[in-house]
Structure formats: structure tokens, C-alpha cells
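The structure under discussion appears below in the form of C-alpha cells.
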Amino acid sequence: QNKVELLTANAAKNARSRLIRMVMHDLRSPLLSISNIAAVLARMDTSTPLSEPIVAKCCTSLGTCAALTQSIISDMLDFERIDSGRLVLLPAPFRVRDLLAASQATFEGVAKTRGISLVFEELPTALSERLFVGDVRRLQQCLNNGVSNAIKFTELGGTVAFSAWVVSASADAAQLNEATAELHIAVDDTGVGLSAAELALLSSGEAFTQVGRGQLQGNGGTGLGLSIVRQILQLHNNSELVLSSDGEGRGAHFEMVVNIEMAASHVGGDESSSDLLAAESADGEQIVGLAALAPDADGAPTACAPLRPRADPCAGKALPTGFRVLHVEDDKILQRMLPLSTFKKVGAEWDTAENGERALAMLAERTARGLGGYGLIVMDNQMPCMNGTLATRKMRRMGYDGTIIGMTGDPVGSPERNEFEAAGLNACCDKSSVGIKYIHLLLLGMMVPTPDGAHRAETAVCGGVPILAARHRPAAAAAAALHAH
């Protein structure tokens, strides 16, 4: 028994070492690129206009490196959650058409720049309108992984095609009347294809696996993408991933076979994944689902392609009189950059506290001066002097009943994050581009029509969904609401 325990411990130690090596290796390239780009920008004359091609190229490269870095970290966190059994699905009604539309919006821009055509097979009406129940964000993550790989390994002038169909227990599958079904979502490409050996290796389910160009590119990601997809599908009633290829140079086939429950025809009126996967940003573009906003699951940076122009969501609206945000964050760069991406966009004034102790003093001072509490507090967790968990608890004890949103680098399910969420947060989001968009949408929802507007909103909404109307909601419910939206 001692020998078995020793072998198990050594295997776990080796796995952790490999994990660390992979992360360090994959992070080195984008970080080196960021350092080089910063050096190039620093050497430029201060009078160089932003319109100069070299400046635009540097900015684009910085965005790409940042997205790749964030993608690698997301992969590792997902892998760790799944490996430790801490990944929990959040089922919700969704339509397949919305999953496909979200992927189209996410990859349209990337495909266009690479000269690749995205082709969508028209869905039968019965399937297009049908509601299924699953974790729409995680299923989107799986689909996006397949699309990303297809684009990555398809040459200029190639095609990536989407299709979906369902196999129902009913004799007439078109009726889709059964409680469960076998949903198939496939991505086919005309790319470089896979040899029999490569296909066998990828089908083994081994983590950190890359083949062909993925090994040669040097920026192909962690090799965790397909492993994560398989495990997410496994959590959906033992669903599976099917990979196939007719050989090198003959493209590849990625197919999700999802054993899934079918929802009632109408759930909460017309609510479906279109509500969960789409919300409007102040940039006049459509934001597509949280999964689609994040970089894809296997390293290729993605961005939401602009759809049709939208009216300015701030037009005719303003934040309530006296509204002010308290940003509690110790990182000097985030102290400067996050407000520019969120608070300033909606005209909100803000104060900055570098730790929880200072935040408590600022809240007490504002209250003592009769200015009322802050309209919103954005709280980091890991800070010197006093962390966000303790600061949030103390604020609630002081009687502050406003909105406190946690924004942390602590992974979901970790003891630190669980304790933080339970301290009295309304919701908690990651320190990521998705978290920034969430804060921005939250502020948009807190705006009310100006005297010239149509009417004063009685309920703040964010993307059409009430924003934590019950103050100081239980942490689990708040976290579920954030993931759903």
C-alpha cells in the first residue's frame, strides 16, 4: 500500500511539474513580444501620430499577445477546475441557432483577415426554434474551440462549415417531442487534415497534445483545448467528441455529440440563449456571450466582429445625481486602465483606494460628509493591509447596502474566491476582458433617462436583465447570475 501511495504521489508531482513547465513555456513568447513592442513604442518620437501604421501595428500586436496570454491562463484554470472536480455546470435554456450565430460573430473578423469563408448550413425550422437545456457558456466554449482549430489549420481561400442536426428517440425526429435528444454540432474544414497517427493521438484524450502545425507554430496554445472540450461534454450526460479526417491535405471533421434535455417550448416568455449570448455594448457593437468574448479555448486570439451599427446606449441617459464609483485595487496599472474602459465611458466619477483599509476610511468619510454611500464599489480581493473579503464584510456591518462587485484573479471554486463571494458581494467576476465588459454593462444598466428622455427607469437593467435587484444577494445566486449573463 505504501508503494502504491508513493507512486501516486510521484505521479501527481510529475503532473504538477509538467503543468508549470507548459504554462511557463507558453507564456514566454507573448510576454517577450509585449516587452519588445513596449521598447519599440518607447523609442518613437513623442510627436508620432496614432494614425501611423507602425503604431497601429504595435497596438494590434499588443492586443493579440494579451488575448493569447489570457487564453493560456483560462485554459490552465479550466483544466485545474475539471481535474479537481470543481467545474460546475450552470444549465439554462438555449437554441442551437444562437450558439452558431455567436461563433459566427466571434470568428467572422478572424476568418476574413485570413481569407477563409465561413459557411452555415441552414437549420430545419423545428431545430432552429427548439429550446434545449445545457450550460450554454461551456457548450459555446467547446464549439469555439472547434472553429478556432479549423481556422488555424485552413489555408487562404479555404472553407470552414457549420452544421447541426438532432437524433430524437421519436420515430419522427423532426417533431422533437421527446424529453431528451442526441444533438450533433459539427465543424468541417478544407484545411491541412490529419494523418492516421495524428488522429489517433488527438483522439486519445491526452492533455497537452499538439500535432502537425500546432507543434511547429510556437504559438499554438497549451494543447489543452480538446481535452477540456471532452471533459465538458462528459459532464453533459456523458456526451462525446468525435474527430475524423480523410487524411493529410483533406480537411478535418469536429463533431460534438451532446446527450441533452429538451426544454418546454416556451420558458419565461421568449427568453432563450439569444438573451444569454447577446448584449449591447457602449461601442455600438454586439457583445456575443461570455464564452465568445474570451479568447478561444486553444490559444488562437479571437475578437467579436462588429455586426450592425447600434445607437449610442448612453444617449438621453445619465447616472443618478451624486453617483460615484469606488474602485478598490492595489495594482497601479489597473488603477489607471480599468476606469478608462468602464467608468469614464459612461461619465461616472470615481475614487481609487489601494487597499481595503483605505476603502473603508473613504466610505466612512463620504458618509460623514452627508454625501451618501457610493453608487457602486468594484472590489479586488488580494491586497496589502486589508483584503477585499474583510473589507466587504466590514462595509456590510457599517450598513452599506449598495452594490459591491468583486473583481479578482482568484480562480472560481478556490477557497479564497469562495470566501470572498460569501463576504457580501452582489456578484463576482474575473479580472479579464469579460469582467471589464460586465462592469461596463452594469453601469449602463444603472443609467436613467435625463429630463428630456422618455421616462425614469424604476429598475436598473443590464442587457435586459434586472441587476441584482435584491441587494446583498446570496453569493451562490449572485455568481450564478453573473455566469448566466
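So which pairs qualify, if the first residue must be in segment 136-163 and among the charged types (D, E, K, R), the second must be part of a helix (DSSP H, G or I) and surrounded by 22 or more Cβ atoms within 10 Å (Cβ to Cβ), the Cβ gap must be under 8 Å, and the two must be at least 6 apart or on different chains?
From segment 136-163, the pairs are R137/L276; R137/L290; R137/A291; R138/I232; R138/A291.
Out of all the residues in segment 123-136, which are part of a helix (DSSP H, G or I), open to solvent by 30 Å² or more (accessible area, probe 1.4 Å) and not small (G, A, S)?
T125, E129
Could you please find all residues in segment 47-70 being under 25 Å from the mean Cα position of the chain (by Cα), surrounded by 13 or more Cβ atoms within 10 Å (Cβ to Cβ) and not small (G, A, S)?
C58, C59, L62, T64, C65, L68, T69, Q70
Is it the case that segment 311-318 has a residue that's within 21 Å of N426 (Cα to Cα), outside any strand (DSSP E or B), open to solvent by less than 50 Å² (accessible area, probe 1.4 Å) and of a type outside the set (D, E, K, R)?
No: zero hits.
With (1) part of a helix (DSSP H, G or I); (2) at pLDDT below 90; (3) open to solvent by less than 30 Å² (accessible area, probe 1.4 Å); (4) not hydrophobic (A, V, I, L, M, F, W, C) as the list, and R336 as the residue in question, which single condition is left unmet?
Here R336 clears every test but (3).
How about segment 342-363: which of its residues are surrounded by 15 or more Cβ atoms within 10 Å (Cβ to Cβ) and part of a helix (DSSP H, G or I)?
Selection gives K345, V346, G356, E357, R358, A359, L360, M362, L363.
Which condition number does G388 fail, the rest of (1) open to solvent by 50 Å² or more (accessible area, probe 1.4 Å); (2) within 24 Å of the chain's Cα centre (by Cα); (3) in contact (Cβ under 8 Å) with a residue 60 or more places away in the chain being met?
(1)
Scan segment 99-122 residue by residue and report those that are of a type outside the set (S, T, N, Q), assigned to a helix (DSSP H, G or I) and touching a strand residue (DSSP E or B) at 6+ places or on another chain (Cβ under 6 Å).
L100, A102, A105, A111
The values are calculated or read from the model by the stated rules, or taken from the named source; none is laboratory data. Not measured: the values here are computed from a predicted model. Cβ: placed from backbone, ideal geometry, glycine included. Neighbour counts: every protein chain shown. For the accessible areas, the whole protein counts, side chains as well, though only heavy atoms, and no ligand, DNA or RNA atoms are used. Shrake-Rupley method; radii C 1.70, N 1.55, O 1.52, S 1.80 Å.
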